[in-house]
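Below is one structure, written out as structure tokens, with a few remarks after it.
We did not get these values from a lab; they are worked out from the coordinates using the rules stated. Source: prediction; values computed, not measured. Cβ coordinates were reconstructed from backbone atoms using ideal geometry, including for glycine residues, and neighbour counts include every protein chain displayed.
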């Protein structure tokens, strides 16, 4: 249980900002916006790590970086001790079978021109051209059954399926190559409330059957509390708190975590107004104007002088619990705050 | 379930074809215009056998037959159903050969445009970066300048440089080449936009995660989802090319003089019109409008029929 | 700072394009009139162009620049009257067909416009000539009529005969451009009228004319500017066809005459002037785009 | 029946509303998407409308002010608002009601505001369309409303374009816009689902407080029962184009009568122990064209019995609760044995 499967060290990634003036003579350079800002995280074999954060905090970018759909600017991602972040497409192939992804939007995650069966069988035949077709079809039908899709739906096109069915097909496709590690980017957010429970149960059931490791990105705290072993809270491209589920939900330390928990609607308890943040999620600013200090400083009601100058480091409180906040730790004396200098 | 059944895209193709047919039956205007287009195409293809005279054969021309009005006119001659032009040539025969020329130029130029535009648009959309910027800058530049203006400049200068006689040996090919090479931006822009939209959909990411190679994703996964708008543009462009060819021929820098083309017929008929002989210029004009209108109507219907919003409605 | 860079990069690109076009026009000059380039090498020609000397016409024995400048007022007035006609008709019709797309009248307008797209400019011109000049004998078919000098500008818009002469060419050109612009504007407006902001405006009970003006037309302005800029070449080509049909003494006719007479220097001069005109029009379109674009406006105020 | 009395405090009363979409294809029948919706709303009341996507919530909202696209049509039923039947009004009279008496707040403020007008211009368009006052006066009204929704530095903000503000601030602006003409009712269609979690609670509480303070009734539409649990007085549960249960929010949550409502609450992740499998409602919501003469929930209901398949349930009105279910109001023995047709 304690073996580290995936570890991410000091990861940075920025994206080009949209350029509004795109006439044919305009060859001006684009500006950049940072998405991942010095992030450290690790996933242990067999666990479910949920990463919680609001839209724009860099969750999707992180998911894409882990899956090798984008390349990081700096820092490393390693899988079972091997660095996989800089690999070429070819060198990455062995890891493609071991790591798979479930996407947020079940409506666009399936090619509209392929039937369910085609979507499942095609990857197998693409990689193993010698595989007997009947064998691949049998495998696909078995996988569909495992995720609760009736065989009659195998010949349907995605637009003939409901959202929940499509998400099941997505999960089935990811499982076709028998991976051990699944990254899921907001697997529930596009689904109806009554369907979310079905997918949550399916994910849990598959995990226990196939010994899967999950890295799940979500903003739905209720679902996270239900399925996570450990929870990391992300804000502005950094992890601001990471703890086991029990600790995070019972003793949150970071002001942002507290605010998130307070804001998450509970059916029987009225919302808590004490942990509100002030102001808004800041608009993304181009890299030129690098902000000093804690990225939450403008919204945090408890921000003090140190927060304006030093970036807090992720510091362990207990073995299971680490927080990046000046309130829970003494300020670092030799200002080694790493403002991005690239 | 067995392996032979799983090939989804065949079923899809059949389904789609059926859809198109149903929608065509429901739309009377589109049905009539596609029938007209079909008739015109067949006439054009069979022109050498169907036409009563051969416009290129000087033996069949008689200056005594010149400027005869259509047959239903009291001064008309029953041999010349639509009358004759200033040199005594049968307008009906010239017309059939002219439509043949128009469709021929339209077909080859559009094929050239489609190939060039698709290749450039696909690369620009999929690879992005400097390639995208360069292709799109060029496309905007070319689009602003317009293919007709470029064709006028290039063809006029070539004609001035070669002299009218030499020029007419090369002009049909030059016409296709210029119109074919100049009008790629429409395709490239549309394709790039749809490739960009498709590229950010999760199924492309899923294909990458499953280890498909870029080229395979580009051609097998993305391209099939972007073909509908290209088909519509190509149909519209056939009309556009035919119109451009007619305009150039009208100006005297398109099809050679002896080679019958609708624009050329109208150009030479214009002078007669000032003396009241309307049919020499107007009959080819009506034929041209009929051809263009039927193509445009078919394209208009195709745009609606291939719109994914409408396809989802009927399952 | 960014503005300066943008203007500079634009100027440099434009200069490069003009140099490139000048090189092409030197090559064209050599193709059409080899004698002209015999004792004039490329560098000399470029220097000559840079100093504003575009050579002399072989046929007219006059400076090319002067010839084109003399023909420019005719073309300009034709384009001006045409654009006025087109915008006067297109904006209300476009609005109407986008606001009430299901209305019978709107449907027939669109059907007519589809026919209009399939009508070549020279056919409409021919038909007009036949009816108004040959059959009815109301209007003249060629030339500009009497012109009145305003400074160095020969204007035909101040005399009755000038107006009579401009009517047919302007009407022909407008009829050719109308359906094109109508369809483009309508497609744009239709999209805007079904957008979320318009839905919110309707939900807030905003007066219909305010919705059409401030939500419909205002939101279609940017795409319309881009669209109009992109149609510049088509406009130029159509003008050329209309000019040669009505023997309108404009730049287009001059060019076609130069071609027919194999007047190399005049053709070469035309190329350079067309490039300059093209660049200035795209600069104007860009300026207008920037003026109406709140993204850029906000960025300027920062 | 209390509905027919129409007491003076009733603001909005929707009765047996049927809305259908005209099919593009002549051979297909038009199918009702709203199938007999009835409810009423008192002055100053906060009413929540909860349902999954496809249940017809948004269509109901737009049907009240008849702002749907041209293919939708009110087939039957009435919408009484302040004593007049909105379905009988001319488009000019309707415009007088829209904005002036009924304000709307839509889902995504980033796409709903006009990107090419400053906020001031947009607010002024709204005020000047309904009131005959000078621009300067209208401006004062707009400023006042922006202050009410806690926009910092409203004078500066007013001169800005939508893209210069964050999503949370823009949603405040749309709320201000809905309030400017002092309407009697505000319809908020998923006002927070495009916003971040930390913003969500704030916007909801702003909306409910402003409505309460100004005596404005609120129809709050959401897919999330937990979100509206503390923001509404009464609650309507919508399923497949019908209202299956309605009642006071507190009592409805504590004692749900309809199996669908029960399922919605039980399926929430916080209702079961972490790690345990969740209660799930099997299957998915039927499409409008699949519904025959049956209870729409019958195919997912674990209590369904013969009557559920043969006839649609009638509405049972008990004290402050209305439920449409055969379990609550057993149907009289079906006299003619209805053919099971689908």
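Brief remarks follow.
- Shape of the range B:206-315, Cα gyration tensor, a/c cut at 1.5: oblate
- Our note on the geometry: Cα centres of the range D:286-306 and the range B:145-186, 68 Å apart.
- Note on the range C:65-140: Cα-only Rg and Dmax are 17.0, 53 Å.
- Residue order for D:117, C:8, fewest other beta carbons within 10 angstrom first, comes to C:8, D:117.
- With a 10 Å cut-off around each Cβ of D:223-229, the average count of Cβ atoms from other chains is 5.
- Estimated FRET transfer efficiency (residue B:87, residue C:194; beta-carbon r; R0 35 Å; 0.05): 0.05
- FRET efficiency, residue D:293 to residue D:133 (Cβ-Cβ, R0 56 Å, nearest 0.05): 0.50
- Residue A:178 versus residue A:272: modelled label distance in nm, points set 7 Å from Cα along the beta carbon direction: 4.6 nm
- Cα gyration tensor shape for the range B:17-310, rounded if a/c is under 1.5, else prolate or oblate: prolate
- Separation of the residue A:130 and residue A:145 label points, Cα + 7 Å toward Cβ, nm: 2.8 nm
- For the protein assembly as shown, diffusion coefficient by Stokes-Einstein and Kirkwood Rh (Cα), 37 °C, 0.692 mPa s, µm²/s: 93 µm²/s
- Relative to the longest principal axis of the Cα atoms of chain D, helix D:119-130 runs at roughly 70 degrees.
- Between residue C:103 and residue C:160, full extension at 0.36 nm per residue minus the direct alpha carbon distance yields a gain of 16.5 nm.
- With 5 Å bins from 0: P(r) over the range C:171-302, alpha-carbon pairs, percent: 2, 9, 13, 14, 15, 13, 10, 8, 6, 5, 3, 1, 1, 0
- Prolate/oblate/rounded call for the range A:172-229, Cα gyration tensor, a/c under 1.5 rounded: prolate
- Cα long-axis angle, helix D:135-148 against chain D (0 to 90 degrees, to the nearest 10): 60 degrees
- Inter-centroid distance (Cα atoms) of the range C:212-235 relative to the range B:188-221, Å: 31 Å
- Inverting the pair-averaged 1/r between distinct Cα atoms of chain A gives 21.7 Å as its Kirkwood hydrodynamic radius.
- Counting 0.36 nm for each residue step from residue B:77 to residue B:193 and taking away their Cα separation leaves a gain of 36.1 nm.
- Separation between Cα centres of the range D:93-165 and the range A:44-97, rounded to whole Å: 45 Å
- Taking other C-beta atoms within 10 angstrom as a stand-in for reagent exposure, D:149, A:66, B:286 fall in the order B:286, D:149, A:66, fewest first.
- Peptide C:124-135 has a mean shielding of 4, counted as Cβ atoms of other protein chains within 10 Å of each residue's Cβ.
- Computed extension length for residue B:25-residue B:166: 45.8 nm, one decimal, from 0.36 nm per residue of separation with the Cα-Cα distance subtracted.
- Using C-alpha pairs below 8 Å separated by at least 6 residues, the relative contact order for the range B:17-310 is 22 percent.
- The convex hull drawn around the Cα atoms of the range A:136-240, when projected onto a plane and averaged over every direction, covers 7.6 nm².
- In the protein assembly as shown, helices alone account for a calculated mean residue ellipticity at 222 nm of -16000 deg cm²/dmol, with every DSSP H run of four or more residues adding -39,500 (n - 2.57).
- Estimated distance in nm for a label pair at residue D:213 and residue C:139, the labels positioned 7 Å out from Cα along Cα-to-Cβ: 6.6 nm
- Likely footprinting exposure, B:159, A:156, fewest C-beta neighbours within 10 Å first: A:156, B:159
- Size check on the range C:23-113: the Cα extents along the three principal axes, sorted descending, read 68, 23, 23 Å.
- Note that chain D shows a convex hull volume over its alpha carbon atoms of 163 Å³ per residue.
- Test item: B:240-247 mean partner chain Cβ contacts at 10 Å: 3
- Computing FRET efficiency as 1/(1 + (r/R0)^6) for residue B:275 and residue C:13, where r is the C-beta to C-beta distance and R0 is 51 Å, gives about 0.50.
- Once the Cα atoms are used to define both axes, helix C:251-260 deviates from the longest principal axis of chain C by about 40 degrees.
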